[in-house]
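Throughout, read-outs are computed from the coordinates displayed, never taken from laboratory work. Computed from a prediction, not measured in an experiment: that's the story for all the values here. Every residue, glycine among them, receives a Cβ derived from its backbone with ideal geometry; neighbour counts consider all protein chains shown.
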Amino acid sequence: MSQSEQRMRETLQELPSGLLGSGSVPETQQQSLPETQQQSSLGQQAVEAKNAQKTELQGRQTSGKYTLNDFHILRTLGTGSFGRVHLVRSNHNGRFYAMKVLKKRTIVKLKQVEHTNDERRMLSIVSHPFIIRMWGTFQDAEQVFMIMDYIEGGELFSLLRKSQRFPNPVAKFYAAEVCLALEYLHAHEIIYRDLKPENVLLDKNGHVKITDFGFAKYVPDVTFTLCGTPDYIAPEVVSTKPYNKSVDWWSFGILIFEMLAGYTPFYDSNTMKTYENILNAQLQFPPFFHADVQDLLSQLITRDLSKRLGNLQNGSEDVKNHPWFSEVVWEKLLCRNIETPYEPPVHAGQGDTSQYDRYPEEENSYGAEGDDPHHDLFAEF
């Protein structure tokens, strides 16, 4: 184990007092829209997010379309089946952003056009302290591009992988912030559908940012699409039944289980066996799980939709009012007015990439011109 990993392990074990109920306001992270628009303070943003629960969701104004010439690409932050995410710097204000690049041909081939457009649409209208912010989009003849906040602290997955599992208060902190993000999305009829540690980022102060809205969808009623990551998919999705926001609360339970145990409850190296376990296997807890978290997870990871917390008459309030969350001061948490259990070792400023893995850089065709048979499929970009 490296010295940095040992320090991180010690940080997680020596938790600050008053973790969930007190603490000074952390330094707010100011971000600028490439060119003109300034981000409001995160405290004010939290208040606005709370008020927005009661109003109709509306799109944010942006300063117009961008082009590749507005940004300088620095390095790759992550890769996937459809493309890459790069750290970029604005040529106008000098700030750092994450640029997600997806290949049109691959999107079309894998029949993910609707999901890609849904991701752009959802990110263009959501605004919450614990959800990543998208500033704008554009396209060339071969790719679509999304410009988003760069979150310096890296993935929750990386932290969990290094620490193996989290102490109860640490898992509770991250779960509580994720809960508020889900509550916000569900209040606006948006199902997230891909909750997992890889899609939870940590900002420089240690607060969460939900990212990757590739499976997010506006669903006022029910939907049928089979999508998500196998370990976290709810049984009603696996069995191709109509489903609603309930699937996110199942995944939320799986996330809490994994943070505390270091593994997911229904995993098998054979994906079909994983699905079989999701449908039929009994939920078994490690002996070190506290009784209250066992009770919470038994009510989240349940196949009976009439008993699943978050899917009942009181919605997310049933989750927030569960005894496992009894120490959480939700209003303070929403305003980020609570000390975080872990502050990522980000020391080189906003463009610090020390918390991200290195990927080999490749030649790209960004900015390609010419014939584009797929342009109209991505007209909103």
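What ranking of 152, 142, 114 emerges when the number of other C-beta atoms within 10 Å of each C-beta is taken as an exposure proxy, fewest first?
So the ranking, lowest neighbour count to highest, is 114, 142, 152.
Whole-Hz ³J(HN,Hα) for each residue in region 331-348, computed from phi via Karplus 6.51 cos²θ - 1.76 cosθ + 1.60 with θ = phi - 60°, x for glycine and proline: what do you get?
Listing the rounded values in order: 5, 5, 5, 4, 8, 6, 8, 9, 5, 7, x, 8, 10, x, x, 9, 10, 9 Hz.
Take the Cβ-Cβ distance between residue 125 and residue 298 as r, set R0 to 45 Å, and report the resulting FRET efficiency rounded to the nearest 0.05.
Using R0 = 45 Å, I get an efficiency of 0.80.
Once you keep just the Cα pairs under 8 angstrom separated by 6 or more residues, what percentage relative contact order results for region 68-150?
25
Cross-link partners among lysines for residue 320, C-alpha distance below 27 Å, same-chain residues fewer than 8 apart left out?
Within the straight-line cut-off, residue 320 pairs with 50, 54, 172, 196, 204, 209, 217, 245, 307, 332.
For Cα pairs less than 8 Å apart in space and 6+ apart in sequence, what is the mean separation divided by the residue count of region 269-351, i.e. the relative contact order in percent?
15
Using a basic spin-label model with each label point 7 Å from the Cα along Cα→Cβ, how many nm lie between residue 276 and residue 229?
According to this spin-label approximation, the distance is 2.4 nm.
Could you please state, rounded to a whole Å, how far the C-alpha centre of region 122-166 is from the C-alpha centre of region 85-103?
Here the two parts' Cα centres lie 12 Å apart.
In region 200-260, which chymotrypsin sites (Phe, Trp or Tyr not before Pro) are in a loop and have at most 14 other Cβ atoms within 10 Å, using DSSP for the loop call?
224
Among 112, 123, 136, whose Cα lies farthest out toward the positive end of the dipole of region 68-150, if unit charges sit on the beta carbon of Lys, Arg (+1) and Asp, Glu (-1)?
112
Of all trypsin sites (Lys or Arg not before Pro) in region 82-188, which ones are in loop regions per DSSP and have a Cβ with at most 10 other Cβ atoms within 10 Å? Don't jump to the answer; show the numbers that get you there.
Working: sites: 84, 89, 95, 100, 103, 104, 105, 109, 111, 120, 121, 133, 161, 162, 165, 172; in loops: 95, 111, 133, 165.
Those satisfying the criteria are 111.
Take every Cα pair under 8 Å in region 155-335 that's 6+ residues apart, average their separations, divide by the length, and report that relative contact order as a whole percent.
Reported as a whole number, the value is 22 percent.
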